[in-house]
Amino acid sequence: MTNLEETIQKCALGDRKAQTILYNHFAPKMYGVCLRYSKDTSEAEDNLQDGFIRVFTKIGQFEFKGSFEGWMRRIMVNTSLEKFRKSNHLYPVEDMIAFEGVQYSEETLSAISADDLMKIIQQLPPRYRMVFNLYAIEGYSHQEIAKLMKITEGTSKSNLSRARVILQKKVIDDFGLQKNTVTTTLC
């Protein structure tokens with residue numbers, strides 16, 4: 001993309017060619033963002049499309065202060081969270097007592113690729129996946145997560161803790177790595 005500011009201004013005026021250029025430039029990266037908050041690729045594609053509709057609707061509000069990509073990422077995350085809240089996924093999780101207190105070695109995490117880890121994260125129950133992504137990947141605080149998801153800070157902390165435990169167990173199960181007494185967390 002030659003001139004991002006000019007492309008953004010044209011998009012604000014409804015220029016379809018500029019919108020296509022912007023979409024083609026940012027869609028792959030934003031798809032990755034949406035995928036982290038979705039149960040599967042189909043839902044991620046829907047979130048991406050809905051997110052871009054919002055981007056093009058609100059692009060005139062972008063004030064060229066800070067990163068445009070960061071602004072767009074926030075829209076994608078909020079779009080995904082809104083869909084999650086509307087569907088209100090609540091799935092029972094396996095008995096957590098079986099997962100608690102299990103610790104793994106450093107080699108556990110170094111033995112898997114980012115794509116493998118992403119697939120494992122997508123298998124988390126939706127609420128745990130949302131909290132894990134917001135905290136570990138996006139860098140939100142528990143207070144911010146609580147506001148975004150309309151839950152308590154304690155629930156956010158609990159969901160993150162349970163997500164970590166489930167992820168650790170899945171990594172061990174899927175990759176056949178051995179337990180160790182060295183504590184490793186996923187974030």
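What number of residues within region 95-121 satisfy the criterion of being at pLDDT 80 or above and within 14 Å of Leu160 (Cα to Cα)?
1
Here is a check on your reading of the model: is Asp174 in a helix (DSSP H, G or I), loosely packed, with under 13 Cβ neighbours inside 10 Å and modelled with pLDDT under 85?
Considered against the rule, which asks whether it is in a helix (DSSP H, G or I), loosely packed, with under 13 Cβ neighbours inside 10 Å and modelled with pLDDT under 85, Asp174 comes out as no.
Within region 1-56, count every residue that is in contact (Cβ under 8 Å) with a residue 60 or more places away in the chain, among the charged types (D, E, K, R) and either crowded, with 16+ Cβ neighbours inside 10 Å or touching a helix residue (DSSP H, G or I) at 6+ places or on another chain (Cβ under 6 Å) (or both). Outline the logic, then answer.
Residues of region 1-56 in contact (Cβ under 8 Å) with a residue 60 or more places away in the chain: 4, 8, 35-40.
Retained after the next criterion (residues that are among the charged types (D, E, K, R)): 36, 39-40.
Cutting the leftovers down to either crowded, with 16+ Cβ neighbours inside 10 Å or touching a helix residue (DSSP H, G or I) at 6+ places or on another chain (Cβ under 6 Å) (or both) gives us 36, 39.
Here the count works out to 2.
The values are calculated or read from the model by the stated rules, or taken from the named source; none is laboratory data. Owing to the predicted nature of the structure, the values given are computational and were not obtained by experimental measurement. Methodologically, a virtual Cβ is constructed for each residue, glycine included, from the backbone with ideal geometry; neighbour enumeration extends over all protein chains shown.
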